[in-house]
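These notes are about the structure you will find just below.
The values are calculated or read from the model by the stated rules, or taken from the named source; none is laboratory data. These numbers come from a predicted model, not from an experiment. For neighbour counting, all protein chains shown are included, and Cβ atoms are generated from backbone atoms with ideal geometry for every residue, glycine included. What goes into the accessible areas is simple: the full protein's heavy atoms, side chains included, and nothing from ligands, DNA or RNA. Shrake-Rupley method; radii C 1.70, N 1.55, O 1.52, S 1.80 Å.
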Amino acid sequence: MERTRPRIGLGGDFDRLWLGESVSAVGTQLTALALPTLAIFQLHATPFDVGVLTACTFAGYPLVGILGAPLIDRIARRSMLLAMNILRAAALATVPLAGGFGLVSLGQLALVALIVSGATALFDTAYQSAVPQLVREEHLLGANARLETSQSAANFAGPALAGWLIGLIGALATIVGDALSYLWSALMVSLISIADDPPRVARPNPIRDIASSFVLWRRYSALVALAVCVVISNVGNMAVRTALLLVAYRVFALGPDGAGWILAVGGLASVVGATVAGPVSARLGVGPSLALATTVEGLAWAIAPLGFVVTPLVILGVASIVSGLMTPIWNVNVVTLRQRIVARHEQGRVVAVSRAFATAGVALGAFAGGVAATVLEASLGERAGLVTAMTAGAIVAGLSAIPLLTGGVLRVTTLPRGADAS
């Protein structure tokens, strides 16, 4: 049990990576609320527009993740992390700059979201692949729990801070905070002493390397079942997330501060979820923990229609808490399972393919959510249509555990010995 707890002092390089990622995670939450709020209130975005914008926020993951998969195992980890932090900061800085001249548009927001998501795809793959180099194998679960705890804390503090800042200084200025957080992360990465020389390999053949990435990924049968599960879950959950702010703002008349607190209490619950991920896994087993987490995470939002008869802030807050509690239990266990079963020299390519499938579901769910909200709003009216779209997404997400049952993942009770262990 000691090895499953978030630990302090797992090594100087890991600590610096963690410090940089913790601050940038808070910054990311500022943009996550500020960007759609800017689109809805100032640019008068329709539900379809919000769906497209949300899809662009994640569409770069599968596209860049697949194309960049071979690069992760060929380019030095630190160089990749630095470059992606700087690119994200520069892209975000163009939004308040354009806003200062009155030139910001939905098209620009979508393009910036696409660039940032693509850069994040490469950053996340590189840092997940680097973690096994920074900590000993027996500390992997604890290291991932610590990273997830920071992410969960950011999910709590970030939305609340974002809602307050948007009300105080506006959405455009709030986005500046995210750009600065990426520069901080770049500074921390620059201090990591991990070897910055890429492996000595022959000149890559991009098509062959992309194909080999899929071959490597397909070799791990558990990852296939997990990928199908994640696609279903993300399609449903992102349909929920696409409708959430529209429901909060236009159905229940909540402002950015109210929406921020709905997301914040979910983030607070995810802090708890991150700290109990290890004990839950130890008690239920890895497979059952994953099934429980993915089912409850989505279905929690199916209570949204109760907002018509009970205080909506309370209903959406409860759904956010229940869902938030489950998210890190899934994340910590699935990332650690993948790191333990995949050989270290294959981590970058396998992680990139796995994340590409996951984020393809996110982009598809966001787009589908926007379409569903548009169609249902037209047929049922704004209030009933938006809430119905949100509830339908929750039901879809609740079915995501089925591939775990059919793919044998449910039978995995303990984390296997590392693939590189002798």
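Annotations
- Formal net charge of residues neighbouring Ala358 (Cβ-Cβ distance under 12 Å; K, R +1; D, E -1): +1
- For region 268-337, the relative contact order is 52 percent, taking Cα pairs closer than 8 Å that sit 6 or more residues apart in sequence and dividing their mean separation by the residue count.
- Peptides 309-321, 269-281 ordered by packing proxy, namely the average of other Cβ atoms within 10 Å per residue, highest first: 269-281, 309-321.
- On the principal axes of its alpha carbon atoms, the chain extends 61, 49, 41 Å, with the longest extent given first.
- Lys/Arg +1, Asp/Glu -1 at C-beta; the chain dipole; positive extreme among Ala59, Pro132, Ala253: Pro132
- Using alpha-carbon coordinates, inclination of helix 347-380 to the longest axis of the chain, degrees: 10 degrees
- Residue-averaged 222 nm ellipticity for the chain, from DSSP H runs of 4+ at -39500 (n - 2.57), nearest 500: -27000 deg cm²/dmol
- P(r) tail for region 106-198: Cα pairs beyond 14 Å make up 78% of the total.
- Taken about its Cα centre, the chain carries a charge dipole of about 920 debye when Lys and Arg each add +1 at the Cβ and Asp and Glu each add -1 at the Cβ.
- Highest-first packing order for the peptide set 401-412, 122-133 is 122-133, 401-412, based on the mean count of other beta carbon atoms within 10 Å.
- Accessible carbon and sulfur surface of region 73-175 relative to its total accessible area, %, 1.4 Å: 69 percent
- P(r) tail for region 239-312: Cα pairs beyond 20 Å make up 42% of the total.
- Take 109-118, 26-35 and order them by the average number of nearby Cβ atoms within 10 Å per residue, most first; the result is 26-35, 109-118.
- Dipole of the chain, positive direction: furthest Cα of Ala343, Ala366, Pro312, with charges on the beta-carbon: Ala343
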